[in-house]
Amino acid sequence: MNEQIDKQVQIEKSLEERLRFERLLSDVSARFVNISAERLDGEIEIALKLVLEFFQVDRGGLIRTLHERQAWQVTHVAYVDDQVPRVPAGTVLPRAIHPWQLEQLIEKKQVVSISRLDDLPPEAHVSKQTSIELGVRSTLNIPILIDESADYIIALNSIKDERVWPEEFIPRLRLLGEIFVNAMERRNAERALRKSEQRLDLAAASAE
């Protein structure tokens, strides 16, 4: 009887947690409707901080690949508190420090969910050593698929403790990453359009 009650409590707790995350995702999505270019970076960092607080993990970021996928750059990052080691936004990291992870994420478009570093396969020894040096104990990395390409990654790192990453939240976290990336691409397109218009205006003025 007690086991049945405990199971029911766990089911209810899991459902409540999912509903809380759905509300969080809905609130975050609403903030990105018609967002100005000037507010975008700050709103992405606020959203990442909310995700960290929900999952009770230490550091989270949005990452993109560079230089024909031979490096990756931290475009946005958030921390749960001031005690977490910093990896500043804009930091560029060579592929060589995480070759296995990038292969899984970018080439194979697979989620990398690591609860314990000892769970990494032997071929991931370089990534394991890098994680140890960076103080990462557990990590969840999700490729963001835009037009079948996976050039962006949403990453959550647990520094203080090992943790299990609930699989049921991964599709929703991917959706959140897609919201971030689509907003960034709209901003880039708008900036490119403005630059093009400015060049046309200058050309027209020169021709007069």
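The values are calculated or read from the model by the stated rules, or taken from the named source; none is laboratory data. Values in this document were obtained by computation on a predicted structure and should not be read as measured data. Note: ideal-geometry Cβ built from the backbone for every residue, glycine included; neighbour counts use all protein chains shown. Please note that ligands, DNA and RNA were not included when accessible areas were found on the heavy atoms of the full protein model with its side chains. Shrake-Rupley method; radii C 1.70, N 1.55, O 1.52, S 1.80 Å.
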Practice problem: Identify the single condition in (1) in a helix (DSSP H, G or I); (2) within 29 Å of residue 121 (Cβ to Cβ); (3) open to solvent by 40 Å² or more (accessible area, probe 1.4 Å) that residue 51 does not satisfy, given that it satisfies every other one. | Solution: (3)
Quiz item: (1) more than 17 Å from residue 60 (Cα to Cα); (2) polar (S, T, N, Q); (3) open to solvent by less than 50 Å² (accessible area, probe 1.4 Å); (4) in contact with a helix residue (DSSP H, G or I) (Cβ under 8 Å, 6 or more places away or on another chain): which one isn't true of residue 101, the others all being true?
Solution: (1)
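Residue by residue, here is whether (1) open to solvent by 70 Å² or more (accessible area, probe 1.4 Å); (2) at pLDDT below 95 holds:
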{"residue": "67", "(1), (2)": "yes, yes"}
{"residue": "70", "(1), (2)": "yes, yes"}
{"residue": "76", "(1), (2)": "no, no"}
{"residue": "80", "(1), (2)": "no, yes"}
Quiz prompt | Which numbered condition residue 167 misses (of (1) touching a Ser or Thr at 6+ places or on another chain (Cβ under 9 Å); (2) surrounded by 14 or more Cβ atoms within 10 Å (Cβ to Cβ); (3) under 18 Å from residue 22 (Cβ atoms)) | solution = (2)
Quiz prompt | Lone unmet requirement of (1) without any contact (Cβ under 8 Å) to a residue 60 or more places away in the chain; (2) under 14 Å from the mean Cα position of the chain (by Cα); (3) part of a loop (DSSP other than H, G, I, E, B) for residue 33 | solution = (2)
Exercise. Return a yes/no flag: does the range 105-125 have any residue that is part of a strand (DSSP E or B) and in contact with a Ser or Thr (Cβ under 6 Å, 6 or more places away or on another chain).
Key: yes
Quiz item: For the subset of the range 143-174 comprising residues that are farther than 22 Å from residue 14 by Cα and β-branched (Val, Ile, Thr), which member is farthest from the chain's Cα centre (by Cα)?
Solution: 159
Quiz item: So which of 133, 178 ends up being open to solvent by 30 Å² or more (accessible area, probe 1.4 Å), more than 18 Å from residue 80 (Cβ to Cβ), out of contact with any strand residue (DSSP E or B) (no Cβ under 7 Å at 6 or more places or on another chain) and of a type in the set (Asp, Glu)?
Solution: 133
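Condition check ((1) open to solvent by 50 Å² or more (accessible area, probe 1.4 Å); (2) within 21 Å of residue 177 (Cα to Cα)) across all residues:
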residue: 14; (1), (2): no, no
residue: 20; (1), (2): yes, yes
residue: 26; (1), (2): yes, yes
residue: 39; (1), (2): yes, yes
residue: 61; (1), (2): no, yes
residue: 83; (1), (2): yes, no
Practice problem: Could you list all residues from the range 136-151 that are in contact (Cβ under 8 Å) with a residue 24 or more places away in the chain and either closer than 23 Å to residue 84 by Cα or part of a loop (DSSP other than H, G, I, E, B) (or both)? | Solution: 137, 138, 139, 140, 141, 142
